[in-house]
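*Asks:* Before I ask anything, here is the structure I am working with.
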Amino acid sequence: MSTLSQVQVSSRRESVVRALTSPDLASIVDLVVWVEVDADTPSTSPVAMAASHIGRVRLHLDGRHEVYEGRDPIASEDPMAFLPYDRECARPGPLRSGENAYPYAAWRILSLFADATRSPDVAVIHTPRHFFPEQGGHVGEHGSLDVIQSRAPLLLSGRGVAAHGFVNAHARLVDVCPTLAVLAGVPDVNLHDGGGQPLDGHVLTAYIGHEQVVKPKVIGILWDGAHCGDLLHLAESGELPGVARLIDNGVALRGGAVAHFPSVTLTNHTSILTGLGPGRHGILGNVFYDRGTGQQVVANDSATWHRSAEWLRPEVRTVFEMVNSQGQHRDGLRGDSPQGDFPRTACINEAVDRGADYSTMAIIRGSGIPSGAAGLGDRLPDAANSIHLHDPAHLSDSYYSWGTQVDDLGLEQIRQLWGSLDSAPTLTWWAGVVSDAGHHAGGPRSDIARDSLRDCDSRLMSFLEHLDGLGITDQVTFLLTADHGFEGSDPSVTGSWRQALERLDIPFRDEGPGFIYLLADRDT
Ligand SMILES: [Zn+2]
């Protein structure tokens, strides 16, 4: 297989960028981003670039924007944009280039393009309203660099957390890993990747106490795709009593936590649980291409979740590995080892599970079902019997139905793991999926999206009541987050950029769609 020279890549990329920023694609292409080595400075470090039909900008890590054509397409990087929540509701899905905000644009773009063989040559960002069901799009979508699709909720609560209630602040999803690790007893000096390099995320010290907690018990909860603004709004309206209870005993960030780009599931689950951006952990997207192997990687699929560790880059350490590195590692699941030996780390319904003593995905790997979680079928509880389901009509959506089954099984797992304070893991990670199904099906604020949050909250309440019954709730530290936000598409905003690229007569792959890889040969 031949390869393109740097000069060929640059000239072909320029053709691709010109084609994609044509005004007739403006309703579906929000931005095109890539990186270039800065010719004006002696260093060879790359610079993030962004373009739309209104202009082009060079984005520097120190926050400088160098507009070199037209107007700045990244007019704002404000992570607190469209707050308070009324402002987002009043103007959902900004239409025009220049109206949206893209937090940490340079930092996130540079991370996406930092992988040696998996980064695309150009990434295309859909407009918030782009509706593309023929290419896998949904009514509710995420994946953009923009603030709303990148805004996940972030709550801390319980033991060792200062009860500030709502605060006008934000964090980043890469901060979750080091924060969970420190809460679970990992000293600051051990917060690094496998090569000893610092993590991309920082410990959220503003919200947690300074004194070391004796025998910490930490539970991280992820509700996939839970919309930050609507989650907090429903909690304040009394509709999510479990979330409201966590906030009463802790803190909720109005600006949530900023996801990495693309704001898709497996990229951010991995950032959350490793403290690294995609350029370091290697999970560039839910689907990406690896030039090193010549293969497409479909990482975020119920049939491949249990294989996620195969795609992690060698220097990655998961939060489970960090916590287990403290003191002697105890292998095996509860009951496999001598009496009194319980898992120190547990990972429920989560793909990024490497190192966890207890893991749903490890059970799936051990079961030998080749199709993984997708093949669990009749081993899952019946969705129609779920006591947490607010509206049985949602079960006609197959993803919602499957999510209900998986989440009911998740609750069962965490209740078993938490039979007593002594036997409970030091760190429990509990992921739920039905919230993603609800938001994809109807978009944020739809009945099905809100019911999915109510279903999640019902499971949370059930678990909190279980802890109350044991009399141990106040011994536990909680963190609740998601992997990305959501925006609703507009059924009238359709189309594809594919024809515009094909007209260039340049060999390429478009994974996602949105990751453009330039190829030397047509049939690779
Ligand atoms: Zn997700």
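The values are calculated or read from the model by the stated rules, or taken from the named source; none is laboratory data. What you see is a predicted model, and the numbers here were worked out from it, not measured in a lab. Heads up, the Cβs are rebuilt from the backbone with ideal geometry, glycines too, and the neighbour counts pull from every protein chain shown. We work out accessible area using only protein heavy atoms, side chains counted, and drop any ligands, DNA or RNA first. Shrake-Rupley method; radii C 1.70, N 1.55, O 1.52, S 1.80 Å.
*Asks:* Does segment 474-491 contain at least one residue that is within 16 Å of the ligand (Cβ to nearest atom), charged (D, E, K, R) and surrounded by 16 or more Cβ atoms within 10 Å (Cβ to Cβ)?
*Replies:* Within segment 474-491 (the criterion being within 16 Å of the ligand (Cβ to nearest atom), charged (D, E, K, R) and surrounded by 16 or more Cβ atoms within 10 Å (Cβ to Cβ)), the answer is yes, since at least one residue qualifies.
*Asks:* Can Glu88 be described as part of a helix (DSSP H, G or I) and under 25 Å from Asp24 (Cβ atoms)?
*Replies:* For Glu88, the condition - part of a helix (DSSP H, G or I) and under 25 Å from Asp24 (Cβ atoms) - is not met.
*Asks:* Among the residues of segment 445-462, which ones are surrounded by fewer than 20 Cβ atoms within 10 Å (Cβ to Cβ) and within 21 Å of Val161 (Cα to Cα)?
*Replies:* The answer is Met461, and nothing else.
*Asks:* Quick one: Ile369 ticks every box in (1) touching a helix residue (DSSP H, G or I) at 6+ places or on another chain (Cβ under 6 Å); (2) surrounded by fewer than 21 Cβ atoms within 10 Å (Cβ to Cβ); (3) in contact (Cβ under 8 Å) with a residue 24 or more places away in the chain; (4) over 27 Å from Gly469 (Cα atoms) except a single one, so which number is it?
*Replies:* Of the numbered conditions (1) touching a helix residue (DSSP H, G or I) at 6+ places or on another chain (Cβ under 6 Å); (2) surrounded by fewer than 21 Cβ atoms within 10 Å (Cβ to Cβ); (3) in contact (Cβ under 8 Å) with a residue 24 or more places away in the chain; (4) over 27 Å from Gly469 (Cα atoms), the odd one out for Ile369 is (3).
*Asks:* Further question: For Val33, which of the numbered conditions (1) over 30 Å from Ala169 (Cβ atoms); (2) touching a residue at least 60 places away in the same chain (Cβ under 8 Å); (3) among the β-branched types (Val, Ile, Thr) fails to hold?
*Replies:* If we test Val33 against (1) over 30 Å from Ala169 (Cβ atoms); (2) touching a residue at least 60 places away in the same chain (Cβ under 8 Å); (3) among the β-branched types (Val, Ile, Thr), just (1) comes out false.
*Asks:* What tally of residues in segment 137-154 results from selecting those that are surrounded by fewer than 24 Cβ atoms within 10 Å (Cβ to Cβ) and away from the ligand (no atom under 16 Å from the Cβ)?
*Replies:* Number of matching residues: 0.
*Asks:* Identify, from the list Asn286, Asn268, the residue that is within 16 Å of the ligand (Cβ to nearest atom) and open to solvent by 10 Å² or more (accessible area, probe 1.4 Å).
*Replies:* Result: Asn286 is the single residue among Asn286, Asn268 that is within 16 Å of the ligand (Cβ to nearest atom) and open to solvent by 10 Å² or more (accessible area, probe 1.4 Å).
*Asks:* Also, I was wondering about something else. Is it the case that Arg56 is part of a helix (DSSP H, G or I) and within 30 Å of Ser492 (Cβ to Cβ)?
*Replies:* Here the answer is no, as Arg56 does not meet what is asked.
*Asks:* Across segment 9-22, what is the number of residues that are touching a residue at least 40 places away in the same chain (Cβ under 8 Å) and open to solvent by 40 Å² or more (accessible area, probe 1.4 Å)?
*Replies:* Looking only at that region, the number is 2.
*Asks:* What about Ser119, is it within 16 Å of the ligand (Cβ to nearest atom), within 27 Å of Val9 (Cβ to Cβ) and assigned to a loop (DSSP other than H, G, I, E, B)?
*Replies:* The answer is no for Ser119.
*Asks:* Here is a further query. Only one residue in Asp436, Asp510 is more than 16 Å from the ligand (Cβ to nearest atom) and either of a type in the set (D, E, K, R) or surrounded by 22 or more Cβ atoms within 10 Å (Cβ to Cβ) (or both). Which one?
*Replies:* One residue alone meets the criteria, Asp510.
*Asks:* Something else about it: Quick test of your reading of the structure: Glu134 fulfils all but one of (1) away from the ligand (no atom under 15 Å from the Cβ); (2) modelled with pLDDT of 95 or more; (3) charged (D, E, K, R). Name the failing condition by number.
*Replies:* (2)
*Asks:* Can you pull out the residues in segment 150-186 that are over 18 Å from Leu276 (Cα atoms), assigned to a loop (DSSP other than H, G, I, E, B) and more than 18 Å from the chain's Cα centre (by Cα)?
*Replies:* Hits for segment 150-186 are Arg159, Gly160, Ala162, Ala163, His164, Asn168, Ala169, Ala184, Gly185.
*Asks:* From the list Leu222, Leu240, which one is within 23 Å of Ala356 (Cβ to Cβ), buried (at least 21 other Cβ atoms within 10 Å of the Cβ), at pLDDT 95 or above and not basic (Lys, Arg)?
*Replies:* Leu222
*Asks:* Count, please, the residues in segment 388-402 that happen to be farther than 15 Å from Asp436 by Cα and either surrounded by fewer than 17 Cβ atoms within 10 Å (Cβ to Cβ) or among the small types (Gly, Ala, Ser) (or both).
*Replies:* 4
*Asks:* Related question: Where the second residue is assigned to a loop (DSSP other than H, G, I, E, B) and surrounded by 12 or more Cβ atoms within 10 Å (Cβ to Cβ) and the first is of a type in the set (Gly, Ala, Ser) and lies in segment 187-207, which pairs have Cβ atoms under 6 Å and are six or more apart or on separate chains?
*Replies:* What qualifies is Gly194/Glu315; Gly194/Arg317; Gly195/Glu315; Gly201/Gly275.
*Asks:* Between residues in segment 424-448 that are at positive phi and residues that are assigned to a helix (DSSP H, G or I), which pairs lie under 8 Å by C-beta distance while being six or more apart or on different chains?
*Replies:* Gly443/Ala449; Arg445/Cys89; Arg445/Asp230
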